[in-house]
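Inspection log for the structure reproduced underneath, given as structure tokens.
The values are calculated or read from the model by the stated rules, or taken from the named source; none is laboratory data. Remember, it's a predicted structure, so these values are computed and weren't measured experimentally. Here the Cβ is made from the backbone with ideal geometry for all residues, glycine too, and neighbour counts use every protein chain on show. The protein model used for the area step is the full one, side chains on, heavy atoms only, and it has no ligands, DNA or RNA in it. Shrake-Rupley method; radii C 1.70, N 1.55, O 1.52, S 1.80 Å.
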Amino acid sequence: MRKIALEEHFVTEELAAYGASTAAVAQPDVWAGASRRLLDVAERRLAEMDEAGIDLQVLSLNAPGIQAEPDTRAAVAAATSANDILAGIVANHPDRFAAFAALPLQDGKAAAQELDRAVNELGMKGALVNAHTQGRYLDDPELRVVWEQLEGLDVPLFLHPAGGFDVPHVLSGHPELVGPMWSWGAETATHALRLVFGGVFDEFPGAKLLLGHMGEGLPFAFWRLDSRWDFHDHRGIELALGHPSAYLRRNLWVVTSGACSDAPLVCSLLALGADRILFGTDYPFESMAVASDYLDRAPLSDEDRAKIGHGNAERLLGIAPLVTP
Ligand code: GRE
Ligand code: ZN
């Protein structure tokens, strides 16, 4: 079965400063290994893909990416350069790699323009954003132009975690909770809910949001979100669809990355359905082989396995299906 993987990180020497979000969090030897793999976009990566039976990786610049650049003009220049470099990597192996663009969200208009260039000139499949951009989230009114462009181009935005703008008080004294093990997921799920309550999906009903790590816990929360929305003071917010889960069912797709386990998979199947789940590995922070083996033996019908392995990605990202003779 063809396997297309969607949360597949890379960095280059030129972009290394933008791609080392968790060097301080990781065990030094683990980080060193991941760092080497991040930098390899040819032999070693392709060999690991072959071994794991992964046909195509949709590459994205590692976290925090361009979001970490405090200078707006530098961010615009860096995103352009990152996307050119990435397009070059894809051009070297067009049958093995595709790409999500980096966006300079420090400037909404420039980001919308860069998205258009990345999709229409460089052939990218959408964009990947790492958490907040200098404290700004994707429900910011200045970033509506980016959603307008995403909807117009009919490409998804992958919201990937990265370090928070600050360390919430509840995490104080517990640095072990800060990072991909826990705080990243909680923050990213919260960021996604800002889009729901911030009206992004009411304004752009065709917007397509991708979340990794099997939806960062959100599929588990649908009933509670809806029930407690009926309890909360709505503070003037009107949800055209009535309840928060309706937006997640309509506008959200989740990637299996970093969740090689039946409980979150079955939960996502029940909450979202097999058409909304796509395969990914979170390489090099997780193992391609483990992710791929898990997909092969997960409790799925062959039809759903094929949707998750490649069919949904082909449809969502506009990747040509393989023609079987
Ligand atoms: C991730 O993407 O999940 C990730 C990173 C960096 C370090 C660890 C990690 O981007 O899990
Ligand atoms: Zn990741």
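Selection of first residues in segment 137-150 that are touching a residue at least 40 places away in the same chain (Cβ under 8 Å) and closer than 13 Å to PRO104 by Cβ and of second residues that are in a helix (DSSP H, G or I) and open to solvent by less than 50 Å² (accessible area, probe 1.4 Å), restricted to Cβ pairs under 7 Å at least 6 apart or on distinct chains, gives the following pairs, ordered by first then second residue: VAL146/GLY108; VAL146/ALA111; VAL146/ALA112; VAL146/LEU115. Among the numbered conditions (1) open to solvent by 30 Å² or more (accessible area, probe 1.4 Å); (2) closer than 27 Å to LEU38 by Cα, the only one that ASN312 does not meet is (1). Contact list please: Cβ distance under 8 Å, first residue in segment 284-305 and farther than 11 Å from ALA52 by Cβ, second residue outside any helix (DSSP H, G or I) and more than 16 Å from ligand 1 (Cβ to nearest atom), pairs at least six apart or on different chains. Correct list of pairs: ARG305/MET1; ARG305/ALA298. Being open to solvent by 60 Å² or more (accessible area, probe 1.4 Å) and over 24 Å from ASP139 (Cβ atoms) holds for only one residue in PHE231, PHE285, and it is PHE285.
Here GLN57 passes the criteria (1) under 17 Å from the mean Cα position of the chain (by Cα); (2) closer than 26 Å to ALA306 by Cα; (3) in a loop (DSSP other than H, G, I, E, B) except the one numbered (3).
Residues of segment 1-14 that are under 21 Å from ALA87 (Cα atoms) and either surrounded by fewer than 22 Cβ atoms within 10 Å (Cβ to Cβ) or of a type in the set (Val, Ile, Thr) (or both): ILE4, VAL11, THR12, GLU13, GLU14.
Considering LEU210, LEU300, LEU241, which residue is within 16 Å of ligand 2 (Cβ to nearest atom) and not in a helix (DSSP H, G or I)? Talk me through it step by step, then tell me what you get.
On the way: LEU300 fails: within 16 Å of ligand 2 (Cβ to nearest atom); LEU241 fails: within 16 Å of ligand 2 (Cβ to nearest atom).
Result: LEU210 is the single residue among LEU210, LEU300, LEU241 that is within 16 Å of ligand 2 (Cβ to nearest atom) and not in a helix (DSSP H, G or I).
Taking segment 259-277 as the range and being open to solvent by 40 Å² or more (accessible area, probe 1.4 Å) and part of a loop (DSSP other than H, G, I, E, B) as the test, the residues that pass are CYS260, SER261. Within segment 203-219, being over 15 Å from the mean Cα position of the chain (by Cα) and buried (at least 17 other Cβ atoms within 10 Å of the Cβ) holds for PHE204, PRO219.
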